Each structure stands twice: as structure tokens, then as C-alpha cells.
Amino acid sequence: MPFHVHNECSPDSVLTNQLSCEADHEHDHDHGEAPYVDMTSNVYQLHAERKLPMIGVDSINTKLSYTDYRHDEIDEGAVGTTFENKAISAQAQATHSTYKTGNLGFMKGVVGLDYTNSRFSAVGLEGYLPQTDRTQVGLFFIERLTPDYFGAKIQNADKFAGQSLSASDAHAGHNHGETTNDAPLDTSSILRKQGKSPWYIEFGGRQDFQNLIDNDNNIEKTHAGTSVSLEGGKYLTPNTQLSARISHSERLPSPQELFSNGAHLATNTWERGNGQLEEESTDGIELTLRYDNGNRFDSSISVFYNDSTNYIYAKTQDIATEGESAGFRLVDYVQSDAKHYGSEIQSRYYLNNNISIGSFADIALITLDDASLTRKYAPRLVAPRIGGDITSQFGQFDLVLSGYHRFEQDHIADFETNTPSYNMVDAKLVYHSSSAHDYTAFFQVENILNELAYNHASYLAEQVPMPERSLNAGITYNF
């Protein structure tokens, strides 16, 4: 816990959107030892799968987990605040068999159920959130239609919720180090030989229900949200695929956004929830163009635009500018219409079967339709970046040297200042066992250049830098 502050501020009793700070006592205070966190987290998971449990169903997957989390924030040898979270979650999903839908093609799909029940509490000096019980239930489905039997395989059961295939997923199993000498074929025949479908249509939906109980104040809130999406893709040539996705999603407010009220020193804020928050609704469109020459090079570029109603964000109302409390913020959770747009591009060139060079760039912006704001950008936006990596594989060893340049963030919200640009370089060496005992060992160096960098997405962007050069090593053993 590197940030050490003794806050003397709270919302003013008259001017409720301003902070009232007591006189600065820093000259009389002995900081003593630095504060730290004593954390314990136990997670138990059980996964089970049944293949071909009945006619028409290929598999049923179930996941069950229990989390028991606790951390004490200790300042000057005494426990200031204790955070606890106990949660049980379960998921079950069934994949139905591929079937022919007349002359349209072949369809395969997944239907599932999510369940989570948790109890969170924060007791002590930083008890900004009451003891809260949260129950969530989600029902979802996804269906994929293609002209070929093999193409109807579901890539990601949660894809309709906003996740898309990465470049590595899109080209899984493809050997970029080999070429083919087959005679020329038409586009559909070439795609079938490569295990690809000329086109696909994917649609899905999700219905979420949430019940929240503030046990300390005897307040109960219920919410429901519906999300749907439709996606389609077509190969323009054997090497080029164009896909489009339209979606409507609804996000339910969290307990922190609804019930918080107090000093949250980990973010150096006084947070005030809003019990009147409604579901956040977003309509979006995304276009993606992928190219893969089938040999040594692949690339993709995506652009997206989202139009949100009742977008929930943490709005800074005031900030302390003097004394030991300088930088402390008064934050309200509010809603506003918003527009979110951006783009990303990534590519990879394979020098041979062992060495490849990758590159990427991304940018995203959110603008708010809030008349009370001087600046219209959402707070804590991540700045654009550009980067790449060199990846090599020799025998049981993987070596990755990666880096990126984060640009200066000058698209800032009220009460924010520009965050300088920085360069980040990392390296990682991984060893995969070749014996019957399955284990993986790694050695990693982060921030090799020991760059002084600040993360604009953090509440503490102006006070706490990102970690300096660090070394990590570990072993994973499966049995």
C-alpha cells in the first residue's frame, strides 16, 4: 500500500458538493511505519464435464467456485479497516448438436445459466460501503449458422456479451511456416480445405437479474438487464474476411455505485453512491477486417462506436489542493448519456516456425453529454498506445520481448491534469516440461528501462507511479 495519507476532509454540511478540510496537522503527526495490507484469499473451484449426456446434446459443462477473501489495512501497527468478501458462484452450460436448418446451412449453439451470491463488508475507519448481500442470475444463449457442418463450432460462449476473437484465436492451429502447392481452386473450395467457412452468422442474448440488500440501512434494490447481439462475417477472398457486429447491452449498477458513502483511502476519495441509478444501456456497432496470407503474415483492424444511455461514471465534484490532504477527491456516482468510439490494429509476421514479430496500436475515447461539465471527456481515460513484441520458441523454451509507447493523455476530465507519455519494455522466459510431469516455469522482468510512468486510469495517477523495474519467477505444476 504505497500511498500514505491522513485525510482530514469530508463533504461540507452546507455546500454538499464541496469538501471541508480540517486544519493541516502534518507538523504534529509522526507517520511511523508505512501502511500495508495483510491479505488472505482462498478460492476453491470444481469443474465437471459430461460428453454426449443425451441425444441432441454434445456436452454439459459445470463450474462451481467459492471465494473467501479478507484483507486488513494496517497503519502504524493497528488495523484501520477490514474488508471481507465471501462469494459462491456457479455456471452450467449445454452445447447442442449441430443440425441442418433446411437450405440455410448448419447451426450449433450453447445455452447456459450463471449464478452468484456474495456478501461484502468494510468495517473500520474506511467503512465507506455497508455490508451488502448481492445475488445475480443470468440466462444466456448463442447460436452460430454456417453453410458447412464443421464451421458451426462455437468459438466463445460469452462472445455476445462483448468479447471478440483475438488474432491468435482466429488463426489457431494454422502453421504460418508452411505453404501449399495445390492447384488453384475457387474461393469456397480453398476455404474448406483450410477449415474455414465462407460466411457465418452468430446471434445471442442474455438476461440478467440482480438483487442487492444494504443490511446496515435495510435497503433493497432489484435490477434486470437484457443484452442481445447479431454478428456476421464473410470472406471477400480466401485471405480477407470482413465482419460486422451490432449489439444492445444493459449493465446493472454495482453495490459500490449504489451504496458507498465515506472515505476510500485506497483511491484517495470520498465516494457517494446513488440509490437512484438505473440500468446502463448501450447500442453499439463494430467492424473488423482480417487478412491472413496463409503463410507468414496476418493482420486485423477494428473500429467501433457505442451510444450509451444512463452511462454510470464517478464524477469528481471537488478536490483538496493544500496540506496533507491535497489530491483528495469528492466523487459522486452519476449517470449521463455518452458516446464511446475507438479503433485497434494488430499484425504479426512469422520469420519462420520459431520466430515472429507482432505489432499493435489502439485508441478509445468516451465523451459525456453532461451540461454541468466544463470538459466533456470521461474521467481516467486510457491514452492511445503503440507497441509490439518479438516472440521466439526453441524446444521447450519461449522467449518474449515486448514493449509499447503510451502517449500523453491530454483528453482529460474536470479536475484532471495531463499525464505524460512513457515507454514500457518487458521480457519473459518460459520453460515447458517435456516429461510426463506437466509443469511450467517462468522468469519475467517488467519495466526493464525502469521508466517513471503514471497510469492515467488510476485515481492516484498524480501521486503514485507505476511499479519500477521488477523481477518475477514462478512454477506451475499440474497433477
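The values are calculated or read from the model by the stated rules, or taken from the named source; none is laboratory data. Since the structure is predicted, the reported quantities are computational estimates derived from the model, not experimental observations. Note: ideal-geometry Cβ built from the backbone for every residue, glycine included; neighbour counts use all protein chains shown. These area figures cover heavy atoms from the full protein model, side chains too; ligands, DNA and RNA do not enter into them. Shrake-Rupley method; radii C 1.70, N 1.55, O 1.52, S 1.80 Å.
Laid out as a table, the results:
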quantity: When residues of the range 82-121 are limited to those that are among the basic types (Lys, Arg) and modelled with pLDDT of 95 or more, the one most open to solvent (accessible area, probe 1.4 Å); calculated: ARG119
quantity: Members of the range 423-454 found to be assigned to a loop (DSSP other than H, G, I, E, B) and in contact (Cβ under 8 Å) with a residue 12 or more places away in the chain, listed by number; calculated: SER433, SER434, HIS437, ASN447, ILE448, LEU449, ASN450, GLU451, LEU452, ALA453, TYR454
quantity: Matching residues, the range 101-143, being under 24 Å from ILE55 (Cβ atoms), of a type outside the set (Ser, Thr, Tyr) and either without any contact (Cβ under 8 Å) to a residue 12 or more places away in the chain or outside any strand (DSSP E or B) (or both); calculated: GLY102, LEU104, GLY105
quantity: Given (1) assigned to a loop (DSSP other than H, G, I, E, B); (2) within 22 Å of the chain's Cα centre (by Cα), index of the condition ASN306 fails; calculated: (1)
quantity: Matching entry among ILE390, ILE412 (being farther than 19 Å from TYR313 by Cβ, in contact with a strand residue (DSSP E or B) (Cβ under 7 Å, 6 or more places away or on another chain) and of a type in the set (A, V, I, L, M)); calculated: ILE390
quantity: Residue among ASN423, ASN455, ASN472, ASN447 that alone is more than 24 Å from VAL334 (Cα to Cα) and surrounded by 16 or more Cβ atoms within 10 Å (Cβ to Cβ); calculated: ASN447
quantity: Any hit, the range 26-36, residues being part of a strand (DSSP E or B), at pLDDT below 95 and loosely packed, with under 15 Cβ neighbours inside 10 Å; calculated: yes
quantity: Pairs, first under 11 Å from LEU258 (Cβ atoms) in the range 211-222, second open to solvent by less than 50 Å² (accessible area, probe 1.4 Å) and of a type in the set (Gly, Ala, Ser), C-beta under 8 Å, six or more apart; calculated: ILE219/GLY275; LYS221/GLY275
quantity: Single match in ILE412, ILE357 (criterion: open to solvent by 60 Å² or more (accessible area, probe 1.4 Å) and touching a residue at least 12 places away in the same chain (Cβ under 8 Å)); calculated: ILE357
quantity: Checklist (1) in contact with a strand residue (DSSP E or B) (Cβ under 8 Å, 6 or more places away or on another chain); (2) open to solvent by 50 Å² or more (accessible area, probe 1.4 Å); (3) in contact (Cβ under 8 Å) with a residue 40 or more places away in the chain applied to THR374, failing item; calculated: (1)
quantity: Subset of the range 240-254 (residues that are within 19 Å of PRO147 (Cβ to Cβ) and open to solvent by less than 50 Å² (accessible area, probe 1.4 Å)); calculated: THR240, GLN241, SER243, ALA244
quantity: Among (1) of a type in the set (A, V, I, L, M, F, W, C); (2) open to solvent by 20 Å² or more (accessible area, probe 1.4 Å); (3) modelled with pLDDT of 95 or more - the single one LEU368 does not satisfy; calculated: (2)
quantity: Residues that are touching a Phe, Trp or Tyr at 6+ places or on another chain (Cβ under 9 Å), over 29 Å from GLN131 (Cα atoms) and part of a strand (DSSP E or B), drawn from the range 52-93; calculated: GLN93
quantity: Members of the range 309-336 found to be in a loop (DSSP other than H, G, I, E, B), out of contact with any Leu (no Cβ under 9 Å at 6 or more places or on another chain) and not polar (S, T, N, Q), listed by number; calculated: GLU322, GLY323, GLU324, ALA326
quantity: Condition met for PRO379 (free of Cβ contacts under 8 Å to residues at least 40 places away in the same chain, over 29 Å from ILE355 (Cβ atoms) and not in a strand (DSSP E or B)); calculated: no
quantity: Residue check for GLU257: part of a helix (DSSP H, G or I) and more than 18 Å from LEU19 (Cα to Cα); calculated: yes
quantity: Residue match in the range 354-361 (condition: under 18 Å from the mean Cα position of the chain (by Cα) and assigned to a loop (DSSP other than H, G, I, E, B)); calculated: no
quantity: Where PHE328 falls short, out of the listed (1) open to solvent by 50 Å² or more (accessible area, probe 1.4 Å); (2) aromatic (Phe, Trp, Tyr); (3) at pLDDT below 95; calculated: (1)
